[in-house]
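Novice: My questions all concern the structure below.
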Amino acid sequence: MSWLRANLFSSPANAAMTIAMLALLGWALPPALRWLFFDAVWGHAPASACDAVRGQGACWAVVTEKFRFMLFAVYPYEQQWRPAIVIAVLCALLVVSAMRRAWRPWLAAVWALGIVVSFWLMGGGAGLVPVRTEQWGGLPVTLILAIFGVAFAFPLGVLLALGRRSQLPMVRSLSVIYIEVVRGVPLITVLFMASVMFALFLPEGMRIEQLLRAQIAIILFVAAYLAEAVRGGLEAVPRGQYEAAEALGLSYWKAMALVILPQALRVAIPSIVNSFIALFKDTSLVVIIAIYDFAYAVKKSVETDFSWKKYFIEAFLFSIVVYWVFCFAMSKYSQWLERDLARGEHR
């Protein structure tokens, strides 16, 4: 009761707002729950079963029916066990990397192995049926673009942030120009340039896969935003820390690696994770260069089938839940990491 008084009924205005919100929930929540769960069609069911309750309950049977296309898009049906394993490998890499006790040099070797295994499974060869990148799609492509985009953009962003604060005019100017130019254009433009214009600068006869072009474009784009997030953390480090590193006789790179960057990155965690979350959602933009990401695969799964086309809302709600799970996990992990690092700082 004391918590209720302090947080929900501490003043007449707060009490009125609490009552209004409870009334709104009481009005909206029961019909929403009935449509989403209680009156919905679940499991394997024909479209006719959903037609019988249309408007009264959701048709989650569309997710059951189109589940494999939503996850793997046009990847060969009989080979879809391979992208399923890739999803598990990439998620396992994320879980291992999230544990602080795994922050050791061997983690880089684990990531290298995971990258090799992922591309071997997706592309085939060495005992597996080859699958062209044009047939890759769905959730594995979204995870590949997001995870590898972050993995390679982060060190580039750190270097750009250090370059922007460099005492060398040429290094500082080039870093500033790169960051401001890339941040001044939308990701769609960068993807389009990578898809169309990049090929014009390649030697004759040389060809780079469309997915790799998109990956490079995402890395270069996200690195500019991460550079500003890291620079904000560097600005927050007290000047005395720089002077202390100089007094210990540390070189520039040792001072940055051992003294400055650990403090700067701890301060910049919210901004960095915000960039990660934005990148994960922005991977849906690769559809403009004909890459079947997860969101586009969900759209096409119902768009090309007339009997299920009317239940696109349920399909999109499923994609929303998948995106939310990954983004919410990143958000909660960043909050835990902030608390954990702060606790270590006060020991």
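Each value in this text was obtained by applying a stated rule to the coordinates, not by laboratory testing. Everything quoted here is computed from the prediction, not taken from an experiment. Here the Cβ is made from the backbone with ideal geometry for all residues, glycine too, and neighbour counts use every protein chain on show.
Novice: Tell me the net charge near residue 66. Cut-off is 12 Å between Cβ atoms, residue 66 excluded, with +1 for each Lys or Arg and -1 for each Asp or Glu. Intermediate values should be presented prior to the final figure.
Specialist: Numbers: positive: 68, 299, 300, 309; negative: 65, 303, 305, 314.
With Lys, Arg at +1 and Asp, Glu at -1, the net is 0.
Novice: Highest first, please rank the peptides 13-20, 333-340 by the mean number of other Cβ atoms sitting within 10 Å of their residues. Please report the intermediate quantities before stating the final value.
Specialist: Details: 13-20: 12.0, 333-340: 13.5.
Highest to lowest by the protection proxy: 333-340, 13-20.
Novice: Using a 10 Å cut-off on Cβ atoms, rank the peptides 61-71, 24-34 from the highest mean neighbour count down. Numbers along the way, then the final one.
Specialist: Values: 61-71: 20.5, 24-34: 10.8.
Taking the mean over residues of other Cβ atoms within 10 Å, the ranking is 61-71, 24-34.
Novice: Ok, one more. Per DSSP H run of n ≥ 4, the term is -39500 (n - 2.57); total these for the chain, divide by its residue number, and report the mean residue ellipticity at 222 nm rounded to 500 deg cm²/dmol. Before the final figure, lay out the partial values.
Specialist: On the way: 17 runs with 238 residues, N = 347.
That comes out to -22000 deg cm²/dmol.
Novice: Another question about this same structure. Compare the peptides 238-250, 208-220, 301-313 by average per-residue count of other Cβ atoms within 10 angstrom and give them in order, highest first. Walk me through the numbers before you get to the answer.
Specialist: Details: 238-250: 11.7, 208-220: 18.6, 301-313: 16.2.
In descending order of packing, they fall as 208-220, 301-313, 238-250.
Novice: Continuing with the same structure: What list of ³J(HN,Hα) couplings, whole Hz, do you get for the range 208-222 from phi and the Karplus terms 6.51, -1.76, 1.60, once you set θ to phi - 60° and write x for glycine and proline?
Specialist: 3J(HN,Hα) across the range 208-222, in whole Hz: 10, 4, 4, 5, 5, 4, 4, 5, 5, 4, 5, 4, 5, 6, 5.
Novice: Further question: Note the listed values (i) 40, 33, 19; (ii) 70, 35, 17; (iii) 33, 25, 23, then indicate which one is semi-axes √(5λ) of the Cα gyration tensor in Å calculated from this particular structure.
Specialist: Comparing each candidate, only (i) matches the computed number.
Novice: Right, next: Student exercise: in the chain, how many lysine pairs 8 or more apart or on different chains have Cα atoms under 15 Å apart? Intermediate values should be presented prior to the final figure.
Specialist: Details: 66/299; 66/300; 66/309; 66/310; 299/309; 299/310; 300/309; 300/310.
Within the chain, the lysine pair count is 8.
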